[in-house]
Amino acid sequence: MLRFKILVSAVPLVAAAIFASVEVYQSPRPCIAVGAGTLEIGSAPWHADLHVSFTDDAAAATVRVAVTDNAAEADFAVIDDVAGSEENACAETPATQFVAVSGEPTTTAPVIYLAQGGPADYRIFVRSKRLTPREAAALIVGARGERPQLAAAL
């Protein structure tokens, strides 16, 4: 009887843990409009059209993205301090392309180095509650279709 009581008391805890890990509503993923389509951070790496990775070593990077404090200097600026947002600002269409951030650099994908200044291929300005500088860098590199300079040299 004690085993049954333990089992009965554990079932709601297991159910709560499972329910907590499942998203009832899919949270919006960072995206930008590119031409007639959109570019979005992918939710699954196997669903991505482009993979990028990040490095802390400037020499290993194929793309250098500088984070700037001045929106006027930036190639790509994100400011989302408005109270609301448009419902379908980045609606997923057949033309939507996805970018996945890989954990490990590869020779077939751009390797991004986030710098705070100095020379850079792109400059970004990010003041956002929903978008990080890493996500903004992945989106701008994906939008430009950047291919790694190291792979081209090989």
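Couple of notes before you dig in:
- Just so you know, in the range 95-133 the residues that are at pLDDT 85 or above and under 20 Å from A33 (Cβ atoms) include one that is most open to solvent (accessible area, probe 1.4 Å), and it is R127.
- Residues of the range 50-64 satisfying the condition of being hydroxyl-bearing (S, T, Y) and either closer than 18 Å to L39 by Cα or surrounded by fewer than 19 Cβ atoms within 10 Å (Cβ to Cβ) (or both): S53, T55
- Residue in the range 77-93 that is modelled with pLDDT of 80 or more, open to solvent by 20 Å² or more (accessible area, probe 1.4 Å) and under 14 Å from the mean Cα position of the chain (by Cα) present: yes
- Within the range 12-30, tally of residues that are modelled with pLDDT of 70 or more and either among the basic types (K, R) or open to solvent by less than 50 Å² (accessible area, probe 1.4 Å) (or both): 1
The values are calculated or read from the model by the stated rules, or taken from the named source; none is laboratory data. Source: prediction; values computed, not measured. Cβ coordinates were reconstructed from backbone atoms using ideal geometry, including for glycine residues, and neighbour counts include every protein chain displayed. Accessible surface is based on the protein model in full, side chains and every heavy atom, while ligands, DNA and RNA are left aside. Shrake-Rupley method; radii C 1.70, N 1.55, O 1.52, S 1.80 Å.
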